[in-house]
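Worksheet: the structure to be examined is printed underneath.
The values are calculated or read from the model by the stated rules, or taken from the named source; none is laboratory data. Given the structure is predicted, the values throughout are model-derived calculations rather than measurements. Positions of Cβ are backbone-derived with ideal geometry, glycine not excepted, and every protein chain shown enters the neighbour counts. SASA here: full protein model, heavy atoms, side chains in, ligands and nucleic acids out. Shrake-Rupley method; radii C 1.70, N 1.55, O 1.52, S 1.80 Å.
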Amino acid sequence: MAGKKHRSADWFSRQDIYGFIYRSWVKNRGVPQDQFDGRPVIGICNTWSELTPCNTHFRVLADHVRHGVLEAGGFPLEFPVMSLGETLLRPTAMLYRNLASMDAEESIRGNPLDGVVLLGGCDKTTPSILMGAASVDIPTIFVSGGPMLSGKYRGHDIGSGTNVWSMSEDLRAGKLTLEEFHEAESCMHRSHGHCMTMGTASTMASMVESLGVGMPGNAAYPAVDARRNVLARLAGRRIVELVKQDVRLSQILTKQAFENAIRANAAIGGSTNAVIHLIAIARRIGVDLSLDDWDRAGSGVHTLVNLMPNGKYLMEDFCYAGGLPAVLRELGENGLLHKDALTVNGQSIWENVRNAECWNRDVIHSFKSPFKEHTGIAVLRGNLCPDGAIIKPSAATPALMKHRGRAVVFANIEDFHRRIDDPNLAIDERSLMVLQNCGPKGYPGMAEVGNMPLPPKILKRGITDMVRISDARMSGTAYGTVVLHISPEAAAGGTLALVRDGDEIELDVAQRKLQLMVSDSELAARRQRWQPPKPALERGYWRLYHDHVLQADQGADFDFLVGKSGPFVPRDNH
Ligand code: FES
């Protein structure tokens with residue numbers, strides 16, 4: 001096949017001992033010689049794993065990508081990378097996001113690949129491999145696994161995560177029997193796919209589509225919808241063209257694309273986890289994206305999508321109502337989309353969505369009649385979070401967005417579990433629950449525990465929300481007036497470490513303020529006495545993580561991974 005010399009030619013087009021070695025071993029499964037004629041070699045980066053239940057259909061999805069690559073005249077080579085399952089992996093999948101990103105980066109760079117299709121679904125499988133690919137910067141398309149069908153329990157829709165929180169609180173409050181609890185488990189997750197609320201997985205699939213690195217429809221087609229397989233097949237065809245045109249990931253992931261994604265996140269009421277992940281991805285590809293960009297670009301955007309955990313519908317409903325293209329069209333018609341941003345199908349984002357239709361205005365509201373007004377992600381500052389903290393107003397209780405009260409402090413998550421059910425715990429609904437040492441270094445891995453369950457004695461009085469403050473993250477399926485990602489975290493010596501029971505804290509979301517009402521001199525005295533907690537493990541990857549992880553406001557990436565090395569391997573093996 002004549003044409004442009006691709007990166008893979010340095011392996012497969014050689015006519016010497018090394019060319020023999022590169023080709024001969026690949027031929028061992030029946031690959032004919034004509035596949036080494038200089039055609040684009042496409043990697044299919046697969047996060048399939050039975051330990052990642054959300055990604056167990058990915059062998060089928062990869063086969064559809066493979067068909068597409070072959071149809072377009074490319075040569076597909078599938079490879080596995082570390083897969084991060086949100087539900088099984090301890091202590092938290094986030095601890096390993098950077099490790100998986102290194103796996104993806106080195107697998108892509110070190111092998112004879114001209115382009116790559118990334119397959120991700122469960123929360124961390126999306127940012128990890130996209131971060132890795134960004135550091136290599138070859139033509140890349142992302143195909144998400146798609147959400148599960150809606151959960152159905154006794155005549156009601158139940159959503160992944162969201163109803164786990166509410167049902168486990170009902171169980172604790174004695175409103176649900178154990179038998180009902182077990183029955184709901186079977187009813188909630190009844191098909192392939194990832195969480196079907198607008199949790200982190202659905203949010204990240206929406207980020208992929210709004211960044212332009214996924215094909216239109218990527219966010220919402222259910223995992224078991226045939227159109228998901230069609231999308232994978234089309235991605236397989238399209239990546240071959242992207243290689244021929246040399247459209248690299250950095251031409252897609254521009255500052256404008258990130259701003260589109262930030263606005264899309266506000267419009268879908270997306271997960272707070274997207275803040276950390278998008279900053280990390282941007283810093284890999286060389287785009288300067290900060291917490292302030294989130295507040296600035298997202299301000300003035302309304303939540304249009306009525307999905308759990310903020311609303312009542314699920315991703316299947318979102319798909320049938322028109323999916324993300326219908327949302328992006330609303331943004332575009334209201335001056336909130338960089339319309340020229342290039343996407344992987346070769347069209348601008350506006351060309352992709354300008355004719356998108358909405359089929360159900362109760363699921364996807366118009367901008368003129370939004371589901372919730374002026375939401376986005378609010379970035380808080382103050383002596384408690386000099387480098388920032390975030391809150392998701394669409395998931396919070398409006399009456400608590402301006403609140404002053406006394407802190408009830410938990411030194412870590414074990415301390416919280418030990419004391420929260422104690423009927424003698426000195427707490428009332430005006431208290432602010434403060435959790436320390438659950439940030440990147442402290443947990444380690446920044447657990448999704450920021451939405452601490454309320455004490456049973458308060459739940460039993462019918463109160464469902466209190467202000468909660470921590471350096472932790474929150475599941476995208478969770479809700480409440482929850483201040484997250486406090487930077488610097490407690491374990492890194494942030495002011496959060498110095499909060500004591502009874503201290504007054506003032507939260508004012510409208511003023512973007514979070515202030516610990518303790519004098520500077522008293523804080524200085526407490527800091528003198530403060531000792532950093534010992535790392536949970538002193539060896540191996542946990543040690544590497546503890547020593548190199550950056551704070552949440554910088555995407556919690558490793559300091560040595562920021563930026564990219566590009567596609568060139570500095571040393572050859574010959
Ligand atoms: Fe995998 Fe929710 S557990 S997406």
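Values as computed for the structure displayed
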{"quantity": "Per-residue SASA entry for ASP340, accessible area with 1.4 Å probe, Å² rounded to 10", "calculated": "130 Å²"}
{"quantity": "Helix 58-71 axis, angle to the chain major axis (alpha carbon atoms, nearest 10°)", "calculated": "30 degrees"}
{"quantity": "Probe 1.4 Å - accessible area at THR464, Å² to nearest ten", "calculated": "100 Å²"}
{"quantity": "Where the Cα pairs of the range 264-308 fall when distances are cut into 5 Å bins, in %", "calculated": "5, 22, 27, 23, 14, 6, 2"}
{"quantity": "Extension reserve of the VAL230-GLU106 stretch, reckoned as 0.36 nm per residue once the Cα distance is removed", "calculated": "41.7 nm"}
{"quantity": "Debye, to nearest 20: dipole size of the chain, +1 on Lys, Arg Cβ, -1 on Asp, Glu Cβ", "calculated": "420 debye"}
{"quantity": "Fraction of accessible area attributable to carbon and sulfur, the range 420-462 (%, probe 1.4 Å)", "calculated": "45 percent"}
{"quantity": "The range 495-574: radius of gyration over Cα atoms, expressed as a fraction of 2.2 N^0.38 Å", "calculated": "1.73"}
{"quantity": "Cα radius of gyration and Dmax for the chain (Å)", "calculated": "23.9, 78"}
{"quantity": "Estimated distance in nm for a label pair at ARG539 and SER168, the labels positioned 7 Å out from Cα along Cα-to-Cβ", "calculated": "3.2 nm"}
{"quantity": "Beta bridges by DSSP in the chain, antiparallel share as percent, to the nearest 5", "calculated": "40 percent"}
{"quantity": "Dipole moment magnitude, nearest 20 debye, the range 394-525 about Cα centre, only Lys, Arg, Asp, Glu C-beta charged", "calculated": "320 debye"}
{"quantity": "The chain - percent relative contact order, Cα under 8 Å, separation 6 or more", "calculated": "14 percent"}
{"quantity": "Any cysteine of the chain lacking a neighbouring Cys Cβ under 4.7 Å - listed by number", "calculated": "CYS45, CYS187, CYS195, CYS319, CYS358, CYS385, CYS438"}
{"quantity": "Charge dipole magnitude, Cβ of K and R +1, D and E -1 - the range 27-183, Cα centre, debye nearest 20", "calculated": "120 debye"}
{"quantity": "Nearest 10 degrees, 0 to 90: helix 255-268 Cα axis against the chain principal axis", "calculated": "50 degrees"}
{"quantity": "Protection-proxy order for peptides 467-474, 235-242, each taking the mean of Cβ atoms within 10 Å per residue, highest first", "calculated": "467-474, 235-242"}
{"quantity": "LYS460, LYS312, reordered so the largest accessible area comes first (probe 1.4 Å)", "calculated": "LYS460, LYS312"}
{"quantity": "Carbon and sulfur %, accessible surface of the range 500-540 computed with the full protein complex present, 1.4 Å", "calculated": "47 percent"}
{"quantity": "Mean ellipticity per residue at 222 nm, deg cm²/dmol - from DSSP H runs of n ≥ 4 across the chain, formula -39500 (n - 2.57)", "calculated": "-10000 deg cm²/dmol"}
{"quantity": "Computed FRET value (nearest 0.05) for SER13 with ASP246, which takes r as the C-beta separation and R₀ as 22 Å", "calculated": "0.80"}
{"quantity": "Extension gain (nm, one decimal) between LEU99 and LYS175, 0.36 nm per residue minus Cα-Cα", "calculated": "23.2 nm"}
{"quantity": "Overall Cα dimensions of the range 247-286, principal axis frame, Å, largest first", "calculated": "31, 16, 12"}
{"quantity": "Additional length obtainable on full extension of the chain from LYS460 to ASP428, 0.36 nm per residue less Cα span", "calculated": "10.3 nm"}
{"quantity": "Average accessible surface area per residue within the range 1-94, 1.4 Å rolling probe, Å²", "calculated": "50 Å²"}
{"quantity": "Distance between the range 504-554 and the range 346-418 - C-alpha centres, whole angstrom", "calculated": "23 Å"}
{"quantity": "Cα-based helix-to-principal-axis angle, 520-529 vs the chain, degrees rounded to 10", "calculated": "70 degrees"}
{"quantity": "Percent RCO, i.e. relative contact order, over the range 235-333, from Cα pairs under 8 Å lying at least 6 residues apart", "calculated": "29 percent"}
